[in-house]
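Below is one structure, written out as structure tokens, with a few remarks after it.
Values in this text are rule-based calculations from the coordinates and carry no lab data. This is a predicted model, so every value here is computed, not measured. As a convention, Cβ positions derive from the backbone with ideal geometry for all residues, glycine included, and neighbour counts pool all protein chains shown.
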Amino acid sequence: MKVLVRILKYLAPSKGKIALVVLVSMLTSLFSVVSIYSVLPLLNAIFTSDKTVAESVVENDTGSSGGEGLEVQDAAAPKSGIDTEKLKKQVRQAFESVFYAETKQQTLFNICLFLIAAFFFKNLFLYINKQLIFAIQTKATKKLRDNVFESIIEMHLDYFNNQRVGNLMNHVYNDVMNVQTSISSTFINLVQNPFAIFVYMGVLIALSWKLTLFAFAVSIIIFFVIRIIGKKVRKLAFSFQNSMGDMNSVLQEKFNGIKVIKSSAYEDIEFMKFRSFTKDFRRLELKINRLKNIISPLNETLLVTAIAFVLWFGGLQVFAGTMTANELIVFAFSLYSTMGPIKMLGEANTQIQLGLISAERLFAVLDAESDVVNGTKPIERLDHTIKFEDVSFKYRKEADAPLVLDHVSFDIKKGEMVALVGQSGSGKSTVVDLLLRFYDVDGGRITIDGNDIKEFDYKQLRRIIGVVSQEVILFNDSIEQNIAYGVHGEAEHEQVVRSAKLANAHKFIEDKPQQYGTLVGDRGIQLSGGQRQRLAIARAMVKNPELLIFDEATSALDNESEKVVQEAIDHALQDRTALVVAHRLSTVKNADKIIVMDRGKVAESGSHKELLEKNGLYKMYYDIQFEGKQDGQV
């Protein structure tokens, strides 16, 4: 119920159109009934009687028909209160008078014109109704999709570490599409069709309330069967949506890792794995469709069974003289005509269940809370110092989980270049993540100019920091747009060019066919590793950051590319506050301060010269890299 209420909130802005849908649905239902059933007795009278319609109407007016049906009706009329039989006869006579003509041929022509007009207006209102419903559902699901994407994109980094990308993609696309289809089914089947059923029911009750009550009792069985199937579909739908998300994740993982797959000649193995996955996926699809596809024929069988019992019961009424044969035929035809709306109601239940499952998944995403709570204090610049004060942190929150940073303290003064070095897993990149507030510290605090960074708006904090990491992420856009991505607002072309020159990227960009308008391809595939890295430096520089961070920016490059990129880094670091994380000590020899990390702690710190004189860990790393005591990097 809570899920339905929340979906209704997304429909609330379209309440005016919803009211219009209700009105148009009523008109559609009315014309649906009028276009088919109201002319049936007249057509029957024309093709089975030798009298003209004028004679028939006059005969009805004078009450001289003398037929058995009228005698039955008169006998069945109540002696006090409202005479329903007389009322029905008056309504029928009033309707017949609309088509009144002197000849049967002219009356038939009038009826045909009426049929054309009735079907025209019915289909006109049906078209308008569908357009209104589509406008409502797309408006609601656009807002829902936007909210889901916003919620996901605003989540803390640890949330993405615990989620499969394919599942997140499935939320934004498939789950929202299921909700959209569900909204459409709900409007058509819970607004439009009920009106049609209501009008049909009016006709049925007018003909025989006893027979209608009997038909209603038989129909309860149908809804009971629909309810049971709906529950089973709902359960399978949840598994289906999860499997769809898993498939997206598998595809993305394999396509992103295509080089590894091919270099390992693992195509056949991956294909066999995927075949096994799709086999299970197909089995689940078959289960769902087996239930979905049985609903329509089962409904029709049950409805025809209900009509057969109604004809049996109605035939007894005709034999007893409480109902005419003509009325029974009209009643059976009207009851059969309700099959369409009732069948659609049954089928809609399946789609609505799928939509509810998807809505539950979406609202779970919307209700997820970030572990990193944003601050409110603005920050636009770094005036003095960044300090890590006795900082402790661990990724897993269990009591026995190991600390990644263990009481780490150091500072970065404005204008300084501070380097972090150490073995893999010593906590260097974690320092960067904490400074950017991707995570919050478990102990101690990080301050900027004496203020805890938790107090700052973390978006403003990140805007004054430029980051160049080992893994360069470029978007499938032009070179200029990738460089300008770091600017909030529109970046001038001259600003982009200036940043590219600082990053030693301008020359190779000018050599490209479209220069700054050249598309880089998916993940920058059209560029070399060194070119991608220089674009990343330009992107960091374009916003003129207060603090520049290089997180192992050259570790994945060959010697030639490293030299070019290192020159770009040297240009970028001039007169800037910088934090450089590095494996290769050659890139940090000129740092004002070098901090050596070891197992999550600060082992030693000082300048390059001071650390060599200490003859500690830094001296050992230096000897390994420059004196060839053993191969490899630190």
Legend entry - Residues whose placed amide H lies under 5 Å from that of ALA603, excluding near-sequence neighbours: VAL596, MET597, ASP598
Legend entry - Calculated SAXS-style log₁₀ I(q)/I(0) at q = 0.13, 0.17, 0.27 Å⁻¹ - the stretch 382-454, Debye, Cα scatterers: -0.37, -0.63, -1.41
Legend entry - Of LYS2/LYS142; LYS387/LYS619; LYS2/LYS130; LYS387/LYS414; LYS122/LYS143, those spanning more than 23 Å from alpha-carbon to alpha-carbon: LYS387/LYS619; LYS2/LYS130; LYS122/LYS143
Legend entry - Ordering of 452-460, 375-383 by burial proxy (mean other Cβ atoms within 10 Å per residue, highest first): 452-460, 375-383
Inset, instruction - Express in whole angstrom the spacing between the alpha-carbon centres of the stretch 356-381 and the stretch 194-208. - result: 50
Inset, instruction - List every residue whose amide H lies under 5 Å from the amide H of ASP551, counting only residues 5 or more places away in sequence or on a different chain, with H placed 1.01 Å from N in the peptide plane. - result: VAL468, SER469, GLN470, VAL581
Legend entry - Whole-Hz couplings from phi, Karplus 6.51/-1.76/1.60, listed for the stretch 197-210; x for Gly and Pro: 4, 4, 5, 4, 4, x, 5, 5, 5, 4, 6, 6, 5, 5
